[in-house]
């Protein structure tokens, strides 16, 4: 039950959350109340302070979650051009995903003239 609630609620909270970066507290209150209700239902902590419940579940409050997701998006976007498809740390991952690394085209898509 916990995994289902966590997946559903966090998917819903993460949808277009980068648009909420820098928004006023008024916009976060409804999202935070949904997350609080989900945390209470998952943890069976009806009367505990919600901050301790979120900490036990390893869930960030909505405002901090939006900031974290936005920072990660920016970091990945800034780092992506620096990572080459021929990097040494990608080959073991590709070997696990594919049955052999020879099935993966590391040169990128081919273009026809």
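Determine, from the Cβ-Cβ distance of residue 10 and residue 52 and an R0 of 30 Å, the FRET efficiency 1/(1 + (r/R0)^6), rounded to the nearest 0.05.
Working: r = 19 Å, r/R0 = 0.64.
In this case the efficiency is close to 0.95.
Between residue 40 and residue 68, full extension at 0.36 nm per residue minus the direct alpha carbon distance yields a gain of 7.8 nm.
Quick note: the coordinates plus some simple rules give every number you see, no bench work behind them. Treat the numbers as computed from the prediction; the structure is a model and nothing was measured. For neighbour counting, all protein chains shown are included, and Cβ atoms are generated from backbone atoms with ideal geometry for every residue, glycine included.
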